[in-house]
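Right, one structure below, let's go through it.
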Amino acid sequence: AEQQSLRFERALGLAVKAAALAHEPALLHSTSTLMGELLLQLGRTHDALAAYREALDFAVDPEGRGRGLFGIASALRVMDRHEEALEALDRAEAQLANTADARTKAQLQTLRGNLCFPLGRFDACLESHQRAHRFAIEADSALEIARALGGLGDAYYQRGELVTARTHFAQCVQEARKHNLANVLLSKLRMLALNEA
């Protein structure tokens, strides 16, 4: 609840207390994953990477390993270690192949698109965000739809298709405002403004 309200420091304090009380590997995995998410949101990337690696160590099944590897890939992306992040993401997808629901598939594809962007892999970037959008709609997840629309805006911007990029950024911002998705809104408002300049 604190995380959803963007009170990340308070959420992290609660997660640390939960981790201190946890003894079973599944609970240790869950608390480490949550701590990784929160640390990443707080900009403490190296600590987040360590938490995700701990989550991977505590994982008891392929789904847990996949979540840990996804977190590692997310942290490596912020650290501009894109090739390493793609390797971790490939491993995450392999672990989640039999259990991933549409929302998880959207998250995986959005991250893949975001990793392909700085590497100049234009076609792969666009294709990943298109897949993410389809999965997000299937999952009926406002957050993943907004993220996918923002990713599509980035992909078209990268290709020089500025009118199409602006359309997707505008849809992303509209979706983010409608569902109070502050993080997405703040990250894509700037891109919308750039496209209107």
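Tabulated data
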| quantity | calculated |
| --- | --- |
| Criterion: aliphatic (A, V, I, L, M) and surrounded by fewer than 16 Cβ atoms within 10 Å (Cβ to Cβ) - qualifying residue of Leu115, Leu27 | Leu27 |
| Residue within segment 53-73 that is under 13 Å from the mean Cα position of the chain (by Cα) and either in contact (Cβ under 8 Å) with a residue 60 or more places away in the chain or within 23 Å of Gln158 (Cβ to Cβ) (or both) present | yes |
| Subset of segment 149-189 [over 20 Å from Leu111 (Cα atoms), open to solvent by 80 Å² or more (accessible area, probe 1.4 Å) and in a helix (DSSP H, G or I)] | Leu162, Val163, Arg166, Gln174, Arg177, Lys178 |
| Matching residues in segment 1-54 - criterion: being more than 21 Å from Asn183 (Cβ to Cβ) and among the charged types (D, E, K, R) | Lys17, Glu24, Arg53, Glu54 |
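The values are calculated or read from the model by the stated rules, or taken from the named source; none is laboratory data. Predicted model, so just to flag it, every value in this text is computed and none were measured. So basically every Cβ, Gly included, is an ideal-geometry build from the backbone, and we count neighbours across all protein chains shown. Side chains included, ligands, DNA and RNA excluded: accessible areas come from the protein's heavy atoms. Shrake-Rupley method; radii C 1.70, N 1.55, O 1.52, S 1.80 Å.
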